[in-house]
Amino acid sequence: MRVKPEKYPFAGIKSGRLTFGGADVAAMAKKFGTPLYLFDEDGFRSRCKSFKTAFEREYGDVLVLFASKSLTTLAALAIASDEGLGLDVASMGELAGAERVGADMSKVVLHGSFKKEEELERAMKAGVGRIVLDSALEADAADRAARRRGVKAKVMLRVTPGIEAHVHEMVQVGKLDSKFGVPLEGGAAKELIGHIIKKRNLDFTGIHYHIGSQILETEPFRAAVARAAEFMSELKSEYGLTLRDLNIGGGYPVRYDSAQAMVSEAKFAAAVCGALKKELRERKLDAPRLMLEPGRGIAGPSGMTVYTIGPVKTIPGVRNYINVDGGLSDNPRPALYGSVYEAVVAERPLDRKGVKKYRVSGRHCETDTLISEIELPDPKPGETLAVFSTGAYNHSMSGNYNKFPRPATVLLRGGKPEVAVRRETEEDLYACDTPPARLMKKCGKKKR
């Protein structure tokens, strides 16, 4: 199937060559080297605005939080904060990033399935707006930490609503069988909330859930808000509680396939908010502040990864291979989740001459398949392969397998490039190694 660059929002064609964020992609590869992450600042800002506008129009009292795990660069966190979004953080490292960019800490939410007591206290010291608890162990630890700090910490509880979205098993996190959250089914969540509200140093504000990632239909989201409203009604009846916050997590999809049918942010917001308002009205519940955590939906389309094509291999009657100068270490998602991507030759993205099917492979000492099968027009060594929609979970999940340095990230603003993350060096790769001196003695053959 032909890849259609025009389906990707921040890509374009100029003089027959691929552009992204207004810049010539092959020229960026030549100037900054490959592998290379390109990050469109204007596109990222437009995605932030789109979510914020859509949900505020449909519901009013909304806090959109950028899921920083999707793209944890200081540039991304600074831009999201500048656009008025809060930040969802899930580690002390992500929290440190929020602090470094001067984010409004009252709009920062701390997540994680196991937050140590000293980390909870660190978050309270930083002034985070909400801490999302995941267990009774955390609730007790948070109460002790708040007592030491002399504060009443605002906390929420992550629950699992039992909604199964039709996505890869590894990103189905709202179903009953999940390490995350406390199940609504069986009364465990209700019981734990009863425990939390008795804590003198905790201020319970609401519930959080996240049903999964890259969910292409609105029905699972509507089902989840209906279940949440039902649970809110149960809490009101049982404890006289009126929840102030409802955090519906993330999961909004992005395009990875030219033929994929997509739901706009406006239609997505209308479906989710419409279902929630209907449930609240029918159950006579006060409307809580609505919180949501798009990460992929904002960062995904705003990024592109660029590689140099190396050897092209043909096994007659079996398969054609393209080898590129990156792979598993800069994008582990195909190996982890079977994630699918599309790509074009940046110098001639619309060329259809000599089109064949190829498998795109990375250069790591593994099978390292980046794209299982794609149609490309007679790719040549030295040309540039541009992979779409890599803004989310590529940089963040990158590593140093085989001791490959991580790529640079180049920020594009109005087509003009700025390095936002420098390329790692060989020195960086061993910067944390501290081998005993006795192991590092020079050795060689003794002269006889």
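Where a number appears in this text, it was derived from the coordinates with a stated rule and is not lab data. These numbers were taken from a predicted model, which means no experiment stands behind them. FYI the Cβ positions are ideal-geometry reconstructions off the backbone, even for glycines, and counts take in every protein chain you see.
Quick notes on this one:
- Here's how it looks for residue 420: its modeled amide H is under 5 Å from those of 409, 410, 411, which are all 5 or more places away or on a different chain.
- Ordering 430, 280, 128 by the projection of their Cα atoms onto the charge dipole of the chain, which places +1 on the Cβ of Lys and Arg and -1 on the Cβ of Asp and Glu, puts 430 at the extreme positive end.
- Distant-in-sequence amide H partners of residue 203 (H built 1.01 Å from N, under 5 Å): 153, 154, 155
- Each residue, residue 57 and residue 242, gets one label point 7 Å from its Cα in the Cβ direction; the gap between the two is 3.0 nm.
- Selection among 297, 90, 247 by position relative to the dipole of the chain gives 90 as farthest towards the positive end (Cβ unit charges, Cα centre).
- Against the chain, whose longest principal axis is taken from its Cα atoms, helix 219-239 shows a tilt of about 30°.
- Global geometry of region 111-294, whether rounded, prolate or oblate, following the gyration tensor of its Cα atoms and the 1.5 cut on a/c: prolate
- Helix 41-58 axis versus longest C-alpha principal axis of the chain: approximately 30°, rounded to the nearest ten.
- Comparing mean-square fluctuations of 349, 407, 316 from a GNM of the chain with C-alpha springs under 10 Å, the top value falls on 316.
- Taking Cα atoms only, the orientation of helix 117-126 departs from the longest principal axis of the chain by about 90 degrees.
- HN-Hα J in Hz across region 136-151 - Karplus 6.51, -1.76, 1.60, θ = phi - 60°, x for Gly and Pro: 5, 4, 5, 4, 5, 5, 5, 5, 5, 5, 5, 4, 5, 7, x, 10
- Magnitude of the charge dipole, the chain, Cβ model with Lys/Arg +1 and Asp/Glu -1, debye to 20: 1340 debye
- For residue 413, net neighbour charge (Lys/Arg +1, Asp/Glu -1) across residues whose Cβ lies under 11 Å away: -2
- Structural descriptor for the chain: relative contact order 20 percent, calculated from alpha carbon pairs under 8 angstrom and at least 6 residues apart.
- Lysine pairs in region 295-448 whose alpha-carbon atoms fall under 29 angstrom of each other, counting only those eight or more residues apart or on distinct chains, come to 13.
- Neighbours of residue 312, meaning other residues whose beta-carbon lies under 13 angstrom from its beta-carbon, give a summed charge of +4 when Lys and Arg score +1 and Asp and Glu score -1.
- Residue of 423, 438, 244 that the Gaussian network model of the chain assigns the largest fluctuation, springs spanning Cα pairs under 10 Å: 438
- The relative contact order of region 108-154, computed from alpha carbon pairs under 8 Å that lie at least 6 residues apart in sequence, is 44 percent.
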